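A short worksheet on the structure shown next.
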Amino acid sequence: MPSATTAHTLVLDGVHKRYGPRVALRGVDLEVADGELVGLLGPNGAGKSTLTKIACGLVRPSAGQVQIARPFGYLAELFRFPGWCTADEVLALHQRLTRSEGGAAERAELLELVRLADAATVPVERMSKGMQQRLGLAQAMIGEPRLLLLDEPTSALDPGGRRTVRDLLEELRRRGVAVLLNTHLLSEVERVCDRVVIIDHGAVVASGRPGELERPRGVRVELGSGTRTIGAATRDDVPRIVAEFVAAGEQVYGVEVLSSTLEDVYLDTVADAR
């Protein structure tokens, strides 16, 4: 549960979900603080989309409690807009659905944010998948939500589109908007997220800041006689290692402390959990 000093836009407390005999979530605890970007990682079938749908009220939990700030925005992994509607008309429709009073100014600002300002009058059926994905992000931000729940928002985007989403997430952080980002792209999470939550088989198996989850993987030393890697060493061992090589008559040209990437952490954590 949240601490008394931290405001949270989303709290999941002991959330379980069962579909008949299949257990999708097993007592998940998760918090997203105001303005925090949290990356939700896990293999296919881990329960990420179920968790996101429970958070926004589309699916009822079998047990546990959910507290969510309002207003919030949601982008589903699989969504469809009417093909005959223009980008501006799609946003106008969702303004009516959410009772937003932002009007044309809000629509123009959101299209600018997702780099679709020049496509306001383009019908959805004439848009690329990447453009439709960015339009989906724009509709999720209608009404100035305090929290965004994004389910695979970069799945249809090329590298340029993913960069647009990264820039958008940075802007949301600046505005104090919290984000729960469900994605398979670990590089995106590593670049923009404040915290990472890894789930597998419906349970949280690791949680923390990307740097906190890293594990030491030794020290690599570039010597005159070649490169050596001391696998069990850490940063604290570097002075001793360098001194020993120098004492042995070696010339030391560089030292690199090796650590795991988020991909390494993810793969190791999921493997350990299984």
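Laboratory data are not the source of any read-out in this text; all were calculated from the coordinates shown. Please read these numbers as outputs of a predicted model, since none were measured by experiment. In this analysis, Cβ positions are derived from the backbone assuming ideal geometry, glycine residues included, and neighbour counts consider all displayed protein chains.
Overview of values
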| item | result |
| --- | --- |
| In sequence order, calculated HN-Hα J values of the stretch 18-31 (Karplus, 6.51, -1.76, 1.60; Hz; x Gly/Pro) | 10, 10, x, x, 8, 9, 8, 9, 10, x, 6, 10, 8, 10 |
| Relative contact order of the chain, pairs being alpha-carbon contacts under 8 Å that are 6 or more residues apart, as % | 21 percent |
| Nearest-20 debye value, the chain charge dipole, Cβ charges on Lys, Arg, Asp, Glu | 860 debye |
| Over the chain: Rg over Rh, Cα atoms, Kirkwood Rh | 1.09 |
| Phe245, Phe72, Phe79 arranged by Cβ crowding within 10 Å, fewest neighbours leading | Phe79, Phe245, Phe72 |
| Proxy reagent accessibility, fewest Cβ within 10 Å first, across Tyr266, Tyr19 | Tyr19, Tyr266 |
| Sorted by Cβ density within 10 Å, fewest first, the residues Lys129, Lys48, Lys17, Lys53 | Lys129, Lys53, Lys17, Lys48 |
| Per residue Cα convex hull volume in Å³ - calculated over the stretch 48-125 | 118 Å³ |
| For the stretch 214-273, the fraction of alpha-carbon pairs in successive 5 Å shells from zero, as % | 4, 19, 24, 19, 13, 9, 7, 5, 1, 0 |
| Relative compactness, the stretch 31-88, computed as alpha-carbon Rg over 2.2 N^0.38 Å | 1.39 |
| Residue with peak Gaussian network fluctuation, the chain [Cα springs, cutoff 10 Å], from Ala178, Ala104, Ala138 | Ala104 |
| Qualifying trypsin sites (Lys or Arg not before Pro) for the stretch 149-213 [loop in DSSP, other Cβ within 10 Å: at most 12] | Arg175 |
| Helical contribution to [θ] at 222 nm, DSSP H n ≥ 4, -39,500 (n - 2.57), averaged over the chain, rounded to 500 | -10000 deg cm²/dmol |
| Span-rule helices in the chain, defined as complete DSSP H runs reaching 24 Å or more along the axis (Cα) with Kyte mean at least -1.0 | none |
